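A.B. asks: Take this structure, written in structure tokens, and hold onto it; I'll ask about it next.
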Amino acid sequence: MSHPLFRKEMFIETAFERRFQAMLRSAWHKQSWHVIVADPGAGKTMGIRDLVRTAGAKVVLAVTAPKNNEEELALGNQLFSALGLPLRGRWSDRKPKLMGYLHQYGTQCLIIDDAHDLSLEHLMFIKELTDQGRLQYDHPLGLCLVAAGRGNTIPLKETLDLPDPTWLQFRRRLDKLEPFCQIAGHTSEEVREILATLETVYQPLFPHLNLRQWGGSISTWLTQPVLDPTHSGRVTMDYLMKLVTTALEWTYQAGDTEMKAETLEKAAELLVLRRDTLRIIDGAGPSVAALPSESTGQEQASGTEAEQVSSPHAQQKIPPAVPTAQGEHARSRKTAAAQPTISTKCTFSGVVSIDCKRFLARGVPLVECPDCAATRTLKPHGEVLRFKSHDKRKTRTPNTGQRWARGETDWDVVGG
């Protein structure tokens with residue numbers, strides 16, 4: 001069973017959060033306008049929540065851009081709710097009063113998370129609201145449109161560059177020196193700083209935990225092209241926490257007091273190279289209290305010849321974990337000899353409940369058998385997909401140095 005500490009949400013003041021919150025605070029104190037961009041999973045929402053708790057929920061007012069609703073009413077209701085005001089009455093009657101409430105409650109900065117979802121109507125409403133604040137109340141508002149983006153992509157810029165007078169006026173209100181800002185992720189050294197903090201957080205479970213020794217390997221794994229398609233060389237907090245907590249959970253369930261290199265490598269493989277692997281879940285499904293079996297980990301770590309031929313990522317490998325100079329030397333690992341078992345027929349066969357048209361559209365030929373993890377090709381028969389009878393795959397101890405080449409697909413499926 002997983003320990004509650006692994007499920008506890010925590011805010012860590014990382015280097016990214018310091019950069020991000022510094023930008024938000026600057027906009028707050030200067031009443032300036034910015035479009036702030038960062039990678040998905042970098043920690044934007046956590047940083048906004050922490051700032052709002054520190055500053056006061058109404059001094060810095062934060063909302064999320066409405067999804068699938070382009071009307072200004074949707075964004076207006078978000079602001080009313082953030083102020084704790086009821087949504088009774090017609091929008092035409094409530095709309096002129098909103099800026100008065102913001103002035104009354106002393107709101108100094110608006111932060112809109114997921115701003116890449118804002119529509120033209122939302123942006124026009126923001127301009128109208130803030131213009132009303134300046135004209136009727138002499139109350140300027142800072143504005144931060146926080147959006148997710150990668151590389152050189154700047155959300156909203158295409159809209160704000162339109163030649164219409166509305167967007168020319170909106171663009172003129174953006175900060176003259178920093179209208180569009182991109183907050184960088186974590187460097188390798190900053191990753192080590194986070195790992196040092198996590199050592200303290202998880203000390204009750206692992207008194208002698210030394211995560212910093214794996215800082216270099218973790219940074220290398222999390223900047224693989226799969227997770228870092230723009231080749232920024234920076235690590236996001238989401239991927240870092242997924243990798244570390246997965247390895248720590250397995251270590252805790254195994255009853256170990258220190259993380260092993262093999263455990264960390266297996267977690268990295270699942271996160272990086274097998275993150276989209278198609279797996280059929282059959283029977284009772286995964287158990288909440290079940291421990292990760294060693295045989296399952298070995299089967300996931302070893303690739304079949306069919307996968308290596310068909311996958312475009314077959315040559316991609318993740319280097320083994322190597323302790324850095326700041327950590328302890330890793331324990332020497334012995335390579336276990338291959339121990340093949342007698343091949344027998346697998347009992348699983350039958351119709352797999354995957355939509356046939358969707359399966360063919362995805363172009364994913366290989367799936368894993370839920371009983372023996374053998375990789376075989378699904379072929380359509382009429383309007384259904386059938387998994388033919390086959391030999392069980394031979395279990396063997398994976399070679400740490402050559403076990404990383406894996407195929408990738410794009411979605412998870414439950415098979416019948």
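A.B. asks: For segment 1-95, which trypsin sites (Lys or Arg not before Pro) are in a loop by DSSP, counting at most 11 other Cβ atoms within 10 Å? If you can, show how the numbers build up before the last one.
C.D. replies: On the way: sites: ARG7, LYS8, ARG18, ARG19, ARG25, LYS30, LYS44, ARG49, ARG53, LYS58, LYS67, ARG88, ARG90, ARG94; in loops: LYS8, LYS58, LYS67, ARG88, ARG90.
Those that pass, being in a loop and sparsely packed, are LYS8, LYS67, ARG88, ARG90.
A.B. asks: Still on this model: Calculate, in whole percent, how much of the Cα-Cα pair population of segment 188-277 lies beyond 23 Å. Display every interim value, and only then the final one.
C.D. replies: Working: 738 of 4005 pairs.
Here the tail beyond 23 Å accounts for 18 percent of pairs.
A.B. asks: Which cross-chain or sequence-distant (5 or more) residues have an amide H under 5 Å from the amide H of HIS3, H modelled 1.01 Å from N in plane?
C.D. replies: For HIS3, whose amide H was placed from the backbone, there are no distant partners under 5 Å.
A.B. asks: List the GluC sites (Glu not before Pro) within segment 183-266 that fall in a DSSP loop (any state other than H, G, I, E or B) and whose Cβ has at most 16 other Cβ atoms within 10 Å.
C.D. replies: Details: sites: GLU189, GLU190, GLU193, GLU199, GLU249, GLU258, GLU262, GLU265; in loops: GLU258.
Passing sites in segment 183-266 are GLU258.
A.B. asks: Of SER32, SER92, SER81, how do they rank once you tally other Cβ atoms within 10 Å and put the fewest first? It would help to have the intermediate numbers written out before the result.
C.D. replies: On the way: SER32 21, SER92 8, SER81 12.
Taking fewest neighbouring Cβ atoms as first place, the list is SER92, SER81, SER32.
A.B. asks: Moving to a separate point now. What trypsin sites (Lys or Arg not before Pro) in segment 150-217 are in a loop by DSSP, with at most 10 other Cβ atoms within 10 Å of the Cβ?
C.D. replies: On the way: sites: ARG150, LYS157, ARG171, ARG172, ARG173, LYS176, ARG192, ARG212; in loops: ARG150, LYS176.
Sites meeting the loop and neighbour criteria: LYS176.
Readers should treat all values here as calculations from the given coordinates under stated rules, not as data from a laboratory. Bear in mind that the values here come from a model prediction, so they are computed numbers and not experimental data. Because the Cβ atoms are built from the backbone with ideal geometry, glycine has one as well, and the counts that use them run over all protein chains shown.
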